[in-house]
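Q: Before we start, here is the structure in question, set down as structure tokens.
The values are calculated or read from the model by the stated rules, or taken from the named source; none is laboratory data. Fair warning: this is a prediction, and the values are worked out from it, not measured in the lab. Don't worry about glycine lacking a Cβ; one is built from the backbone with ideal geometry, like all the others, and counts go over all protein chains shown.
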């Protein structure tokens, strides 16, 4: 009997969360296909081969048309055409489409996979960032991208989401006055994986120099508001002689541009001996690397101007911190994260008013107890324990599509 094919369409470089989901499908004898719209040097092909049977990469980046882009289009155009043709050849059991650009997901659904069970997985929901259409158009994306999000919600057969269980209910009445959701939805967090878990590190840097070490990993925003906020938090920590380590990447941009942005954002902080800027690492390398620190750091994006996203979202870094055995130092405006931290007793909350005195709080905590709680939490939040829900969700959507 031929294996069922789960096709993952990624409108940007793939993420470790999709790797874990695909790996779980593969272990259940599904055939997994990754179709990604990005340049081939934006992800580690060898790493993702461990989760996907087939990887199809566009090796193409969309630019605003102009004379300077003509050589690029001439060079990459034929490969991109083959990429589009190859998508037409797949006959998937189901498609999981993850959004970096909703307009891509809309086109992929309309012209390639409309007759197949289609699941929309928006990592970031635009309606959470802006409270009305005017505010969105003034501060954020173009209208075609906003309307593409509405199309994806209203025309997909199911929706996956990774934030607060009730976050889909909060879409109504913001950018879109009315929006119809699919019949089926699944709340699926960025879960931990035994493949990535490491034992508690008994040789932490703090054991050697008797100082606290905090680490931040993942995407950074280059918006002026967010940069100003995170820099002020770093300065607050380093002024208390708390070491701050950062392994950062920027979203959906070429590598050279990414390096430039990160250096511009954080270069001035290097004057402090307590600030450490590290090169970003792959998913398998980052977990053992950061296990030598004491806490993972979580800062919310700016939450004014009607932006509710930081309150209800959940990032992939949570699983990486737990896989490394790290409790969190986190901003209490991240309300959904705060609920999880309190449930498992795995974090120390702060806000902009009390971060300047957090050193004394960190010195008083029972760190060994928090480490044990992290181990318990990552077992509860293990993907193997939660994957059966995803299997049932997919089968339900397929059954409904075939009626």
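Q: Look through 111, 120 and report the one residue that is surrounded by fewer than 22 Cβ atoms within 10 Å (Cβ to Cβ) and modelled with pLDDT of 95 or more. Break it down into steps so the answer makes sense when it comes.
A: Working: 120 fails: surrounded by fewer than 22 Cβ atoms within 10 Å (Cβ to Cβ).
The conditions single out 111.
Q: How many residues, within region 359-374, are in contact (Cβ under 8 Å) with a residue 12 or more places away in the chain and over 18 Å from residue 297 (Cα atoms)?
A: Matching residues across region 359-374 total 1.
Q: Does residue 334 satisfy being at pLDDT below 95 and within 28 Å of residue 162 (Cα to Cα)? Full working, then the answer.
A: Numbers: at pLDDT below 95: yes; within 28 Å of residue 162 (Cα to Cα): yes.
For residue 334, the condition - at pLDDT below 95 and within 28 Å of residue 162 (Cα to Cα) - is met.
Q: Collect the residues in region 136-154 that are out of contact with any helix residue (DSSP H, G or I) (no Cβ under 6 Å at 6 or more places or on another chain) and under 23 Å from residue 21 (Cα atoms), keeping them in residue-number order.
A: Correct list: 153 only.
Q: Being closer than 27 Å to residue 131 by Cβ and either at pLDDT 95 or above or crowded, with 20+ Cβ neighbours inside 10 Å (or both): is that true of residue 180 here?
A: Values: closer than 27 Å to residue 131 by Cβ: yes; either at pLDDT 95 or above or crowded, with 20+ Cβ neighbours inside 10 Å (or both): no.
No; evaluated as a whole, the condition is false for this residue.
Q: I'd like to verify a number: residues in region 301-358 that are free of Cβ contacts under 8 Å to residues at least 60 places away in the same chain, in a loop (DSSP other than H, G, I, E, B) and crowded, with 21+ Cβ neighbours inside 10 Å, how many?
A: Number of matching residues: 3.
Q: Condition first: surrounded by fewer than 14 Cβ atoms within 10 Å (Cβ to Cβ) and at pLDDT below 85. Can you find one or more residues in region 227-247 that meet it? Steps first, please.
A: Here is the first cut: in region 227-247, the ones surrounded by fewer than 14 Cβ atoms within 10 Å (Cβ to Cβ) are 228, 232, 239, 241.
With the extra rule that they be at pLDDT below 85, the set shrinks to 228.
Within region 227-247 (the criterion being surrounded by fewer than 14 Cβ atoms within 10 Å (Cβ to Cβ) and at pLDDT below 85), the answer is yes, since at least one residue qualifies.
Q: From the list 165, 141, 182, which residue is in the same structural domain as residue 24 (by TED's automatic domain parsing), in contact with a strand residue (DSSP E or B) (Cβ under 9 Å, 6 or more places away or on another chain) and under 20 Å from residue 11 (Cβ atoms)? Steps first, answer last, please.
A: On the way: 165 fails: under 20 Å from residue 11 (Cβ atoms); 141 fails: in contact with a strand residue (DSSP E or B) (Cβ under 9 Å, 6 or more places away or on another chain).
Going through 165, 141, 182 in turn, the sole match is 182.
Q: Can you find a residue in region 209-224 that is part of a helix (DSSP H, G or I) and assigned by TED's automatic domain parsing to the domain that holds residue 339?
A: Residues of region 209-224 that are part of a helix (DSSP H, G or I), as a first pass: 209, 224.
Then keep just the ones that are assigned by TED's automatic domain parsing to the domain that holds residue 339; that gives 209, 224.
Looking through region 209-224, at least one residue is part of a helix (DSSP H, G or I) and assigned by TED's automatic domain parsing to the domain that holds residue 339.
Q: Is it true that some residue in region 352-362 is under 25 Å from residue 197 (Cβ atoms) and at pLDDT 95 or above?
A: Scanning region 352-362 turns up at least one residue that is under 25 Å from residue 197 (Cβ atoms) and at pLDDT 95 or above.
Q: Same structure again: Just to verify a result, which residue in region 255-277, among those that are farther than 18 Å from residue 228 by Cβ and in contact with a helix residue (DSSP H, G or I) (Cβ under 8 Å, 6 or more places away or on another chain), is modelled with the highest pLDDT? Break it down into steps so the answer makes sense when it comes.
A: Going through region 255-277, the residues farther than 18 Å from residue 228 by Cβ turn out to be 255-260, 273-274, 276.
Filter once more, keeping what is in contact with a helix residue (DSSP H, G or I) (Cβ under 8 Å, 6 or more places away or on another chain): 255, 274.
Numbers: 255: 62, 274: 96.
Restricting to residues being farther than 18 Å from residue 228 by Cβ and in contact with a helix residue (DSSP H, G or I) (Cβ under 8 Å, 6 or more places away or on another chain), the top hit is 274.
Q: Do you know which residues across region 107-138 are part of a helix (DSSP H, G or I) and in contact with a strand residue (DSSP E or B) (Cβ under 9 Å, 6 or more places away or on another chain)? Full working, then the answer.
A: Step one: of region 107-138, the residues part of a helix (DSSP H, G or I) are 107-113, 126-129, 133-138.
Scanning region 107-138 gives 108, 109, 112, 113.
Q: With respect to residue 101, is the statement that it is within 20 Å of the chain's Cα centre (by Cα) and either surrounded by fewer than 18 Cβ atoms within 10 Å (Cβ to Cβ) or more than 21 Å from residue 315 (Cα to Cα) (or both) true? Spell out how you get there, then give the answer.
A: Numbers: within 20 Å of the chain's Cα centre (by Cα): yes; either surrounded by fewer than 18 Cβ atoms within 10 Å (Cβ to Cβ) or more than 21 Å from residue 315 (Cα to Cα) (or both): yes.
So residue 101 fits the description; yes.
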